[in-house]
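Just below is one structure, and these are the notes that go with it.
The values are calculated or read from the model by the stated rules, or taken from the named source; none is laboratory data. Note that this is a predicted model, so its numbers are computed, not measured. Using ideal geometry, Cβ is built from the backbone for each residue, glycine included, and neighbour counts are taken over all protein chains shown. Side chains included, ligands, DNA and RNA excluded: accessible areas come from the protein's heavy atoms. Shrake-Rupley method; radii C 1.70, N 1.55, O 1.52, S 1.80 Å.
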Amino acid sequence: MNLVNQYIVQAIITASNNLRLSSEKIEVVALLREYLSKSGSIEIQIKEMKKITSLSKLAIKLDEVYRFISNSKIDFLKISDRFKEHSHLLIRDLSTVLDVVTPQNMRSIIEELNEKSGVSAPKVLGNHNEELGDIKIRKPKAEITERQEASYTEKYIMDDIKEDDEITFEDFEKAVLKPVKELDNFFKKLESLNYTGEELKKYHELLQTNTHLSEKVGFDIITNMHRILCNALAQIRENSLTPIKETVEGMRACLIVIVAIVRQKDVDIKVFLKKAESFGKSLTAGRGQY
């Protein structure tokens, strides 16, 4: 497998590892990986995938990735950052494909595509999902234990999350983005010192819930941004951190990174990410995280 094929296949696998996959969805990813990894001309295969309704949106994103990696002017010093961006770019459309395409559908699609190119279809995976390689099997979300009193934030965030099925990317996106406007307004109140202890507690708990959710889904950067925000609010609650302008700017940088990644905005967030990470380091200097 050449570099271009390997890059695209690995981006798909990385994207799939950020989703909660059933055994059938894992098999679909494995079939797609097999199809693309043995491609003689991945550009042509992606072009043909665009003609398949269920794969067209994903194929458009794959074409963007292909055009980047096939460019001879790649900056290898920044390739790791771009790879992360590309894998995140694929998550939403890959999730949509996995929601509508079964392994049987995928085999039929690949057979149709291979007939046009004269390539043999990839072998059918057995019952034990052999040769799944780097595709991680994520267990379904654990059932939430009963509590005498459900906190405001657990109810606020978890109402829209399925409890007896996999967490989809859409579920995660909705839970994380739902409180963003409210949080942004609260950060403004912090800077003007116009907030109450109850508000501080509420938003701290809310961000704790989203931190754990992000961690379960497997988003390292988003988890870290939530963790930094939790740490900041914890220190403000302890009166060991004053919410001055620089503090609030650091917190807003975390929020901007979260929204940009979840919504897959095609913008350069390196400035905000650097500012957020620097802010996080300043919080954890000399003390542990929340």
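Table for the structure above
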read-out	value
Count - residues of the stretch 27-52 that are part of a helix (DSSP H, G or I), more than 18 Å from ILE69 (Cβ to Cβ) and either open to solvent by 30 Å² or more (accessible area, probe 1.4 Å) or among the aromatic types (Phe, Trp, Tyr) (or both)	2
Residue in the stretch 205-227 that is most open to solvent (accessible area, probe 1.4 Å), counting only those that are part of a helix (DSSP H, G or I) and in contact (Cβ under 8 Å) with a residue 60 or more places away in the chain	LYS216
Flag if VAL217 is of a type outside the set (S, T, N, Q) and farther than 19 Å from PHE279 by Cβ	yes
Failed condition for CYS230, given (1) more than 16 Å from PHE172 (Cβ to Cβ); (2) open to solvent by 10 Å² or more (accessible area, probe 1.4 Å); (3) not hydroxyl-bearing (Ser, Thr, Tyr)	(2)
Residue list for the stretch 68-83, filter: in a helix (DSSP H, G or I) and in contact with an Asp or Glu (Cβ under 9 Å, 6 or more places away or on another chain)	ARG82
Top-ranked residue of the stretch 235-252 - restricted to ones that are in contact (Cβ under 8 Å) with a residue 40 or more places away in the chain and under 24 Å from the mean Cα position of the chain (by Cα), ranked as least open to solvent (accessible area, probe 1.4 Å)	MET251
Selection status of ALA232, more than 30 Å from ILE79 (Cβ to Cβ), part of a helix (DSSP H, G or I) and over 17 Å from the mean Cα position of the chain (by Cα)	yes
From ALA59, ALA11, residue being part of a helix (DSSP H, G or I), open to solvent by less than 10 Å² (accessible area, probe 1.4 Å) and touching a Ser or Thr at 6+ places or on another chain (Cβ under 6 Å)	ALA11
